[in-house]
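Derivation of every value follows stated rules applied to the coordinates shown; laboratory data play no part. Since the structure is predicted, the reported quantities are computational estimates derived from the model, not experimental observations. Ideal geometry is used to build each Cβ from the backbone, glycine not excepted, and the neighbour counts take in all protein chains shown.
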Amino acid sequence: MKGSSLAAVILAVAVGSSAVSSQVTMKPPVAKKEPKVLKIHGYELIDNYAWLRDRNTDKNPEIIKYLEAENAYTQAHMGQHKAFADDLYQEMLGRIKQTDLSVPVKMGEYWYFNKTEEGKQYPTYLRSKTRDGKDAEVLLDQNEMAKGFKYFAIGTFEPSDDGNILAYSTDTTGYRQYTLQFKDLRTGKILPDKIERVTSTEWSPDGKYLFYSQEDPVSKRDDKIFRHTVGTDKDELIYEEKDVLFTSSISRSRDKKMFFINSGAATMNEIRYLPAEDPLGGWKVISPRREAHEYVATFDNGDFYITTNKDAENFKVVRAPMNDPSEKNWTDYIPHNPAIKIEGISFFKNYAVVSELENGLEYLKVMDTKSRKAAARIETPESVYTMGLTSNAEYETPFVRYNYSSMITPNSTYEYYFANRKSELVKQQ
């Protein structure tokens, strides 16, 4: 018995010595240096490894050879731990609910949600007339769509206001370069429209047009906004951002009555607006861009609400009339408070929810815009946590949905009911 144990120890030492020896003798691969000069903002930078960046379809064989050497080196060191790594993976997998439903989101007459199933790599996108998902119809089955591709992702998923047409985008490269398409949800047919490199999207109320932003194919900067006529190949450029420091996006107020084009750089913004009822109309600027002025805008009940750092380091919210929202007509709606940073404001019918930051902690403050009832923060049961608004598509809603988590509380989705100011847990990871 002792002899067997000793033999086992000797064998283990021998195997361990062999593994260590292979690790010591195998040298880590070293990438060659090919200096490339990059001229940026009047400076010259040397990049010795620019040759490793290859976006061509036919890859450079030298890059493949180097990556294979890196993999071999990693395997020489880590291969002996494969069984342990497999055990860890199975333990993690055992803690994941593989067949699951997302929290349904109300948009128009339907509740939209997705379903993941054990053994399938991707979710299925569905909708139902009822929140419980009864008699749900499949809109997109990503598992079927991904067949034949090494990579497949869905980006945009936006039904028209009447729920008849779905605008969706897909990426089959992993380069986050999305192709926009349309599906007629009444017939199940895919429309012929196909648009490349689409980022943000917004429908017109009548469903005839879709506004979208498009990125540059090289820089990937979102620099153009188009209006597309659905069911045709007609795309009209309505805005182009010439300044390379800025990117542009399209959005729409929650009450669906106002479009916005946001041109933003690191320390300044410029926003254009257009009433949604006039999608063919001309766009107007709220406040021209200037250094160090950051602002965002939304619209509710006939007025603009602008979150701005003008004379307010921690931001404030101002109100402006629809007929002229320029700075001369701005009046304080939520005054500046040096102790509380305003991160944003979201409007619902008769209510507004303000995202705030105080002493490093996030808060959601609910305001009753119809009555004079005092504003109140949503209660947070722990002293350290993170929280924020999540999917809230509807304007007329009895609740606002938010996410909450901490070091000891898993990611949780709550619904805060405006009427009784109570939160109800609807899903926890």
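For the stretch 393-429 versus the stretch 264-280, the spacing of their alpha-carbon centroids is 30 Å. Charged neighbours of Asn262, selected by a Cβ distance under 9 Å, balance to 0 (K, R count +1; D, E count -1).
Note the full-extension length gain between Ser406 and Glu44 as 0.36 nm times their separation in residues minus their Cα-Cα distance, in nm to one decimal.
Details: separation 362, 0.36 × 362 = 130.32 nm, distance 4.49 nm.
Difference between extended and current length: 125.8 nm.
Taking the chain as a Gaussian network of alpha-carbon nodes connected by springs under 10 Å, the highest mean-square fluctuation of the residues Ser251, Ser160, Ser326 belongs to Ser326.
Net charge near Ser406, counting Lys/Arg +1 and Asp/Glu -1 over other residues with Cβ under 15 Å of its Cβ?
On the way: positive: none; negative: Glu362, Glu379, Glu382.
So the environment of Ser406 carries a net charge of -3.
Is the stretch 310-407 best put as rounded, prolate or oblate by its Cα gyration tensor, with a ≥ b ≥ c the root eigenvalues, rounded for a/c under 1.5, and otherwise prolate when a/b is larger than b/c, oblate when not? In terms of gyration-tensor shape, oblate.
Under 5 Å between amide hydrogens, built in the peptide plane, is the criterion, and for Met322 it picks out Phe304 among residues at least 5 positions away or on other chains.
Taking Cβ atoms as reference points and 12 Å as the exclusive limit, the residues near Asp332 contribute a net charge of +2, counting Lys and Arg as +1 and Asp and Glu as -1.
Enumerate by residue number the GluC sites (Glu not before Pro) in the stretch 254-331 meeting two conditions: DSSP loop (anything except H, G, I, E, B), and at most 13 other Cβ atoms within 10 Å of the site's Cβ. Kindly include the intermediate steps, with their values, before the conclusion.
Details: sites: Glu270, Glu277, Glu291, Glu294, Glu313, Glu327; in loops: Glu277, Glu291, Glu294, Glu313.
Of the GluC sites (Glu not before Pro), the ones in loops of the stretch 254-331 whose Cβ has at most 13 other Cβ atoms within 10 Å are Glu277, Glu291, Glu313.
Is the C-alpha gyration tensor of the stretch 63-114 telling us rounded, prolate or oblate? Criteria: a/c under 1.5 is rounded; beyond that, a/b larger than b/c is prolate, otherwise oblate. Oblate, because a/c is 1.5 or more while a/b does not exceed b/c.
A simple rule links phi to the HN-Hα coupling: the Karplus curve 6.51 cos²θ - 1.76 cosθ + 1.60 with θ = phi - 60°, which for the stretch 361-367 gives 10, 8, 9, 10, 9, 9, 10 Hz, with x for Gly and Pro. In this rough spin-label picture, where each label sits 7 Å from Cα along the Cβ direction, the Asp303-Arg290 distance is 2.4 nm. When you filter the GluC sites (Glu not before Pro) in the stretch 64-150 for DSSP loop state and at most 11 other Cβ atoms inside 10 Å of their Cβ, you are left with Glu109, Glu118. Taking other C-beta atoms within 10 angstrom as a stand-in for reagent exposure, Tyr385, Tyr414 fall in the order Tyr385, Tyr414, fewest first. Of the options Tyr351, Val384, Tyr416, report the single residue whose Cα projects farthest towards the positive end of the charge dipole of the stretch 339-429 (beta-carbon charges: Lys, Arg +1; Asp, Glu -1). The residue sitting most towards the positive pole is Tyr351. Annotation for Asp87 and Asp171: the two label points, set 7 Å from Cα along the Cα-Cβ direction, are 3.7 nm apart. Of all lysines in the structure, the ones whose alpha carbon falls short of 20 Å from that of Lys370, not counting any fewer than 8 places away in one chain, are Lys256, Lys257, Lys349, Lys422.
Each principal axis of the Cα atoms in the chain has its own extent, and those three values, largest first, are 91, 55, 54 angstrom. Residue order for Leu185, Leu45, fewest other beta carbons within 10 angstrom first, comes to Leu45, Leu185.
Database remark: amide H of Gly388 closer than 5 angstrom to the amide H of Asn403 (H placed geometrically; neighbours at sequence offset of 5 or more, or on other chains; Pro and chain starts carry no H).
Here the stretch 63-127 and the stretch 170-223 have alpha carbon centers that stand 26 Å from each other.
Phi-derived couplings, Karplus 6.51 cos²θ - 1.76 cosθ + 1.60 at θ = phi - 60°, listed residue by residue for the stretch 103-119: 5, x, 10, 7, 9, x, 8, 10, 9, 9, 7, 10, 10, 10, 10, 4, x Hz, with x used for Gly and Pro. Per-residue 3J(HN,Hα) values for the stretch 241-247, derived from phi via the Karplus relation 6.51 cos²θ - 1.76 cosθ + 1.60 with θ = phi - 60°, read 8, 7, 6, 5, 7, 10, 10 Hz in sequence order (x marks Gly and Pro).
Per-residue ellipticity at 222 nm from helix content only, as computed over the chain with -39500 (n - 2.57) for each DSSP H run of at least four residues, stands at -4500 deg cm²/dmol.
Taking the number of Cβ atoms within 10 Å of each Cβ as an exposure proxy, the fewest-first ranking of Ser391, Ser371 is Ser371, Ser391. Going down the table (Lys150/Lys194; Lys129/Lys427; Lys189/Lys220), which pairs top 23 Å between alpha carbons? Beyond 23 Å between Cα atoms: Lys189/Lys220.
Each Lys and Arg Cβ is given +1 and each Asp and Glu Cβ -1; about its Cα centre, the chain then shows a dipole of about 560 debye.
In nm, what is the difference between 0.36 nm times the number of residues separating Asn56 and Lys129 and their Cα-Cα distance? Before the final figure, lay out each step's value.
Numbers: separation 73, 0.36 × 73 = 26.28 nm, distance 4.63 nm.
My answer for the length gained is 21.6 nm.
Please state the shape class of the stretch 129-260: rounded when a/c is under 1.5, otherwise prolate if a/b exceeds b/c and oblate if not, all from the C-alpha gyration tensor. Oblate, because a/c is 1.5 or more while a/b does not exceed b/c.
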